[in-house]
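The values are calculated or read from the model by the stated rules, or taken from the named source; none is laboratory data. On a predicted model such as this, the values are computed, not experimentally measured, just so you know. Every residue, glycine as well, gets a Cβ built from its backbone with ideal geometry; the counts of neighbours run over all protein chains shown.
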Amino acid sequence: MTGSLAILNARIVDPATATVGDGGVLIRDRHIAAVGRFDLPADIATIDAKGAHLAPGLVDLGIFAIDMPAFTAGGITRAVLMPDQSPPLDHEALVQRAAAAGKPDVWIHPLAAATKGLAGKELAEMGLMQAGGACAVATGRGWIADSGVMRRVLAYANALGLLVITHAEDSGLTTGAVATESEYATRMGLPAAPAVAEAMAVARDLMLVEETGARLHFRQLSTARAFALVRDAKRRGLPVTCGISPAHLLLSDVAIGGFRTFAHLSPPLRAEDDRQAALAAIADGTIDLICSSHDPQGPEAKRLPFADAEAGMSGAETLLTLSLALVRDGVIALPRLIELLSTAPARLLGLPGGSLAPGAEADLLLFDPDTPWRIDSDHMASRAGNTPFDGLPVQGRVLRTIKGGSVLS
């Protein structure tokens, strides 16, 4: 369905006004023409929402694989691609190819590799990749251990007006580790690293931000000490933001029991105290956005001993569903959740989307926050169903994903 479209009888979730109200949306020429109450033009296609919730389409910052069925099933209309591809996105032509991969449906916005081959040694040509369509610069799955290199990355990106997105774990402590150091990991005999490795990486990078003035986003944080550092940095006015995945909000390291490789993530799941600190950081605004960290791994990568299995989870199609638990538990309100999933990442990267304002691109999703269902890893839309939430009863499901006025599902 393309062209002019009216969505009627919806519950409109508007993050800009922090309200939920009845009404509809009128779409013309891929853009929002009216919101709320409006005169219905003659001979226009319509969708009766039947009381379903209508919100801006999700903008997922930091996916590791282009997985269109999963994005559509999850209400994602723009996906920000990590540079950890094969080969890494460290050249203008590779960025251009990645940017064209999803059009005209879910748009892919690639991140440029900060260093050549993501090796953490020699700076990549950020300016050329920016011209080729890169919306920011990223260190990839790893932390740049050489402080001199990281300082140059931040300074160069700042000169170009580019955001830097980094992974925060001190590799001197985490190399070879697959879990967070604890009595629990010790009993399981897993190679583990102390949780402080995250805070150590954050502290170093915050000092470099203070030195260079560059904008820095920590793609995923998961520990109380890291959140405290970011909270303090924001109070001091540093241009720093951070994100988190639903897995680190809803699960602790107990989930790796039975050597469940679907719960082998990066960063690893943390202790319950850190999980509670993450919920507090969501509530007080320290955490700026929620991302899926979509990283589907096939059975050949997961059906291995825990220490040998690849880290990562399939998260795109469950991003909204799992995040809705924050609303049901009273941590945040529904409009704030949509802001964290849509408006905030779009604003951070300067992308269209995340808005219901007239004139904005008609990237939308219809969802029912109360629909009960059970996550089944064997029947996911994703190309791989490796999720630590396999078998979990949940509430809330995407009904339709609309990109630029075109109904994708």
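Can you tell me how many residues within the stretch 286-326 are in contact with a Phe, Trp or Tyr (Cβ under 7 Å, 6 or more places away or on another chain), assigned to a strand (DSSP E or B) and of a type in the set (A, V, I, L, M)?
1
Do you know which residues across the stretch 90-128 are surrounded by fewer than 15 Cβ atoms within 10 Å (Cβ to Cβ) and touching a residue at least 40 places away in the same chain (Cβ under 8 Å)?
Within the stretch 90-128, Pro104 is the sole residue that qualifies.
Out of Asp22, Asp60, which single residue is among the acidic types (Asp, Glu), assigned to a strand (DSSP E or B) and surrounded by 20 or more Cβ atoms within 10 Å (Cβ to Cβ)?
Step by step, each of Asp22, Asp60 is checked, and only Asp60 is among the acidic types (Asp, Glu), assigned to a strand (DSSP E or B) and surrounded by 20 or more Cβ atoms within 10 Å (Cβ to Cβ).
Is there a residue in the stretch 1-21 that is of a type in the set (Val, Ile, Thr) and modelled with pLDDT under 95?
Going residue by residue through the stretch 1-21, those that are of a type in the set (Val, Ile, Thr) are 2, 7, 12-13, 17, 19-20.
Cutting the leftovers down to modelled with pLDDT under 95 gives us 2.
Yes: one or more hits.
Report, by residue number, each residue of the stretch 137-165 that is hydroxyl-bearing (Ser, Thr, Tyr) and buried (at least 24 other Cβ atoms within 10 Å of the Cβ).
First pass over the stretch 137-165, keeping only residues hydroxyl-bearing (Ser, Thr, Tyr): 139, 147, 156.
Answer for the stretch 137-165, where residues must be hydroxyl-bearing (Ser, Thr, Tyr) and buried (at least 24 other Cβ atoms within 10 Å of the Cβ): just Thr139.
Run Ala134 past the list (1) in contact (Cβ under 8 Å) with a residue 24 or more places away in the chain; (2) surrounded by fewer than 24 Cβ atoms within 10 Å (Cβ to Cβ); (3) under 19 Å from the mean Cα position of the chain (by Cα); (4) assigned to a loop (DSSP other than H, G, I, E, B) and report the number of the one that doesn't hold.
(2)
Find the helices (runs of 4 or more DSSP H) located wholly in the stretch 143-189 whose residues include 3 or more that are closer than 15 Å to His264 by Cα, and list them.
The helices (runs of 4 or more DSSP H) meeting that bar are 183-188.
I'd like to know if the stretch 355-376 contains one or more residues that are of a type outside the set (Asp, Glu), crowded, with 17+ Cβ neighbours inside 10 Å, modelled with pLDDT under 95 and outside any strand (DSSP E or B).
no
Is one or more of the residues making up the stretch 338-349 part of a loop (DSSP other than H, G, I, E, B), hydrophobic (A, V, I, L, M, F, W, C) and either buried (at least 19 other Cβ atoms within 10 Å of the Cβ) or touching a Cys at 6+ places or on another chain (Cβ under 9 Å) (or both)?
Taking the stretch 338-349 and keeping what is part of a loop (DSSP other than H, G, I, E, B), we get none.
No, the conditions are met nowhere in the stretch 338-349.
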